[in-house]
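The values are calculated or read from the model by the stated rules, or taken from the named source; none is laboratory data. Predicted model, so just to flag it, every value in this text is computed and none were measured. Cβ coordinates were reconstructed from backbone atoms using ideal geometry, including for glycine residues, and neighbour counts include every protein chain displayed. Only protein heavy atoms, including side chains, enter the accessible area calculation; ligands, DNA and RNA are left aside. Shrake-Rupley method; radii C 1.70, N 1.55, O 1.52, S 1.80 Å.
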Amino acid sequence: MNFSEVFKQTNQLCKVSPDGKYLATCVQYRLVVRDVSTLQILQLYTCLDQVSHMEWSSDSLFILCAMYNRGLVQVWSLEQPDWHCKIDEGSIGLVSSRWSPDGRHILNTTEFHLRVTVWSLCTKAVSYIKYPKACQKGIDFSRDGRYMALAERRDCKDYVCVFVCDDWHLLRHFETETQDLAGLEWSPNGCVLAVWDSCLEYKVLLYSLDGRLLSTYSAYEWSLGVKSVSWSPSSQFLAIGSYDEKVRILNHITWKKITQFEHPAIIDNTKATVYKEAEKRPGVGSDEMPLHNITMGATLFNTQSKYEICPLPVQIPVVKPDPDRASPKIGISVLAFSSDSRYLATKNDNMATAVWVWDMQKMSLEAVLEQTSAVRCFQWDPLRPRLALCAGNTKLYLWSPGGCVSVQVPTEGGFQVQSLNWHCSGDSLILLGKEQLCLCYMDTDQEDKFKGTRCRLLECSFFLSGLKHSQQTQHSS
Amino acid sequence: MPESSTVKDVLSSSVECRTSPLRRFSLSALHRNSLGVFCSEDNVQECLSHISQEVSSFGLRPAWTEPGSGSELNIVAALNCMYDLIQLHRRGLRTLENMEVEQLKSNSNVDFLQLSTTRLKEQLEISKRENTGLLERERQLQLKVKSLQNCLKNEKEEVQKLQNVIASRASQYNHEMKRKEREFNKLKERLNQLLVDKKEKKQAIDVLNNIGRADGKRSLWKTEKMEAKHEGEMYKTLLSDYDTRQRELQLENAELRKVLQQMKKDMVSILSSRKPAAKGDKHEHGGTQAASEEEDDEAFDSSKESVELYCVHAREKLTNSIRLQWRRLKSHVERLDSQVSSAQTGESKSTDAVPRETHEEEMDRLKLEIQQCKDFIQAQQQLLQQQLSSPCDEETASLLSDCYMLQEKERLGDEWKTLEEQRKIFERERRNFTEAAIRLSHERKAFEEDRATWLKHQFLNLSPFSDSKKPSLSKSKSAFLISAETDSSAAVAPEKFIKHRSESPRCVPLTSPSTADLYRTLCLIPEDSSTKPKRKTEHVEESSVFCGNAPVRHKRWDGIQDRTLSQEKNSSI
């Protein structure tokens, strides 16, 4: 495993083009495009203000930079650097901007969700979609980019509009049986639309592309309901995370619950492996470090850590949420299927330090990763069953069915990983700190990777012990 | 004692029966003789006739052949008559003794029954108390249940109320929210209007030059045709999705069907290969299930047929046959199970599957067990014998019923020891008795000689009738004083009679110590009873009571007799 040097970025705006060739980052009001393999700057664009949102078009030819506080969107072309496009939403304001799947239209949502403006880059035409609903996830494009589902609110009722993205033809428009629609998501095959109600009511509705209601699912009443929803890449499973700290898995034939995954505070499932991160504090006399070693010291201050396999049963630290406050920190907030739909990773908000990995074939708990600090972000490798996670510290953690490693990011100045993104090839990871970013290159062979990591860790510890030794000799002299 | 009185009644009635001739005699005698003497010079003839009458009424030969001929007494006949009378008396005594023993036994029985009754009564009392306690508890529990039910009802009502509250609030909130949303929408509209009307800062797009579509085509007009095309495309995607799904399901089904078929084949092969063996077993066992076997054969054939017939259309048949096979397999397995269990007890060859070592081990184990059992039985028998030899039968019975062998053995040993001691004491006592008896016999001999001389003297001086009544009286009296004779204080009767009586009890202790004797000895040594274990003491108490009662009763009988006599006297006077 190798790490690149550190680059600057702001607002964690850093994205790899969909074809995987370029890396775009925003630094203040500048947009920098680099080659992923060489990391050399290919293009540099200057925007009118600090960028709040940046997005690649699906064909990797254009980059959209939105400046929400100015109500402006600027589009840059990679092929023609002198080509420019500026969309001004005027005094109506802008809260969200995105590409349509064809990469030739931009959808802007105005302030107060007054409307969605669709700008065409081909014809300069503008069209409006009224009554968009302000909710968790009000717009979703099908994976093949053909259809767009939009949540609508009119006359105090929820509707769903299905548009054909080609010419923004309204294909279907139907009322949903929801109290307060919170989100919608297409199945990966684009044939089923999952719609869920706000957390006040546990209700998940499944609509066919042609607007037929396929099924309704509700696990319980009265208490807070759905918190997160995720389709498996195979469209076979729909995972629903809820406030009762459970994940329910629906199947795609009967839309009934197959199983439910509970997140108990005490794990005694003998089939599961519990990896617990154990920290080791290095040197004692670090304050007496000689001056010439100060640069090395930066890494030294960071604690080493490794995973230990805990004997069962294991108690996971639980934070009891305040019941009087709205949207309590409890329940399954993040759900992610691995690319082969074999594993499901979940995070329960009142057990912020743990990530749970479930085996979807055995329908059982596979592993639990207990970190020393709260997990910030995790993402599956787009090609392999490999989970990368970060916890707001200087380490990167990787889980795969074979085991679990913790890797120190060997950068200066205490690079704290806040977020991460896989490169689409699964060969590298983009680690995002507060104002920095760094690339982490995986060894292509998975077994080599783990060996490499271990070697590197060993090197690291050897280096440390050597350093300590030298300190001691200096002391004695 | 209510029981003893009944016994006494019976005995007294027998006594009355026996004394009735005597009474009659005494009546007549007293009628004739105011002096109270039975026979005098004047009424010899009458007496003779009376006696002969009495004797004949006993069924004996009369003492003289011709009663009216003269006063001469045929001595031989008289003696014979006397001898017969004595014999009769002896027999009477013996039967009396037997009856007394019987009575003692029944008395002890009665005591035991009484004891058990009291015990049972106590138990009844206890159980009654328990019952009332339980009833009380039940009542309390019922009260508790009732209160809990009330609580539950209240809670349910509360829940209902709260739910109603929640529902009403929710509807209120929804209403409010809708109102707000409507207002909000109105505001939005207004804002939109204002923004559209406002000219100075409009939405705008500024593109250097238009770019081509990603697919390179020109955009198309929105027409009916386009709409239809979109619809068509949508349905196409849906159709393709359903198509793929159907294909997947078909594949899955095919696979499952394959698995089913495979399973079926395996089942059939297993069952058909196992069957001959099973048949063999059956024949060994007597072939009782031949009919069912035949049935199985038929079923097998039909299933095979269905296998051959199998195709996509015969799906139902397949599932049915699988079900059938499965049922058969299940029953077969069950049968095998039962066979295995039966083969373990019997000696069938099918148990070859079980290795020989385990058999041998099992055998060894069983042998050991048998040996243990035998030892156990032996010990039991030993104890039983010990118990049987000891005189307390009821106890042995009760002891046998519960076999706490080790404890009992020890206890019995102790008892045995104490009994042994008692026996020794008793032996000593008996020796004393025999010595006393010998002394008595010596004295008796002397007395006999005295009497002989005296009798001779009397006989020579007086008429033969003058003292012939005395021995008969003494005999009748001695019959009731049989057990009192051991009492030294009971020698109130004239010495003469005591000496005469001592003959009969002497032979009893010399031959074998009867239970009565043992009781007597126990009665004589009451101090020992305190040292004995509890049950023993009970027994001793019983016996002591029994012994204590016996003389009293005898005395009472005497009293009764006296009373009857006195009554007769009164009536005669």
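List, in the order given, every pair from A:Lys137/B:Lys180; A:Lys133/A:Lys320; A:Lys130/A:Lys246; A:Lys246/B:Lys236; A:Lys15/A:Lys86; A:Lys256/A:Lys362 whose Cα-Cα distance in the structure shown is over 26 Å.
Check vs 26 Å cut-off fails for A:Lys133/A:Lys320; A:Lys130/A:Lys246; A:Lys246/B:Lys236.
With a cut-off of 8 Å between alpha carbons and a minimum separation of six or more residues, what is the relative contact order of the stretch A:131-262 in percent?
Over the stretch A:131-262, the number comes to 14 percent.
So what's the projected area for the stretch A:131-262, the Cα convex hull averaged over all directions, in nm²?
Result: 7.5 nm².
Under a 1.4 angstrom probe, counting protein chains only, how are A:Arg146, B:Arg190, A:Arg248, B:Arg428 ranked by accessible area, largest first?
In descending accessible area the options line up as B:Arg190, B:Arg428, A:Arg146, A:Arg248.
Using a 1.4 Å probe on the protein heavy atoms only, what accessible surface does A:Glu5 show? Give it in Å² to the nearest 10.
About 130 Å², rounded to the nearest 10.
Using a ≥ b ≥ c from the Cα gyration tensor of chain A (square roots of the eigenvalues), is it rounded, prolate or oblate, where a/c under 1.5 gives rounded and otherwise the larger of a/b and b/c decides, a/b for prolate?
Note, shape of chain A comes out oblate.
Return the calculated 222 nm mean residue ellipticity for chain A, to the nearest 500 deg cm²/dmol, obtained by summing -39500 (n - 2.57) across DSSP H runs with n ≥ 4 and dividing by the residue count. Don't jump to the answer; show the numbers that get you there.
On the way: 2 runs with 39 residues, N = 477.
Taking each H run of at least 4 residues, the total per residue is -3000 deg cm²/dmol.
With a cap of 10 neighbouring Cβ atoms within 10 Å, and only residues DSSP puts in a loop, list the trypsin sites (Lys or Arg not before Pro) found in the stretch A:325-371.
Sparse-neighbourhood loop trypsin sites (Lys or Arg not before Pro): A:Arg325, A:Lys362.
Heavy atoms only, probe 1.4 angstrom, no DNA, RNA or ligands counted: give me B:Cys151, A:Cys14 ranked by accessible area, highest first.
So the residues, ranked largest to smallest area, are B:Cys151, A:Cys14.
Can you give me the accessible area per residue for the stretch A:131-262, using a 1.4 Å probe, in Å²?
36
Taking every residue in A:145-155, how many Cβ atoms of other protein chains lie within 10 Å of its Cβ, on average?
2
Would you check the accessible area of A:Phe141, probe 1.4 Å, heavy atoms only, in square angstrom rounded to 10?
Per-residue accessible area (A:Phe141): approximately 40 Å².
Given a 1.4 Å probe and heavy atoms of the protein chains only, how would you sort A:Cys47, A:Cys135, largest accessible area at the top?
A:Cys135, A:Cys47
Once A and B are treated as a pair rather than alone, how much accessible area drops out, both sides summed, in Å² to 100, probe 1.4 Å?
4500
With a 1.4 Å probe and every protein chain left in place, tell me how much accessible area A:Lys306 has, in Å² to the nearest 10.
100
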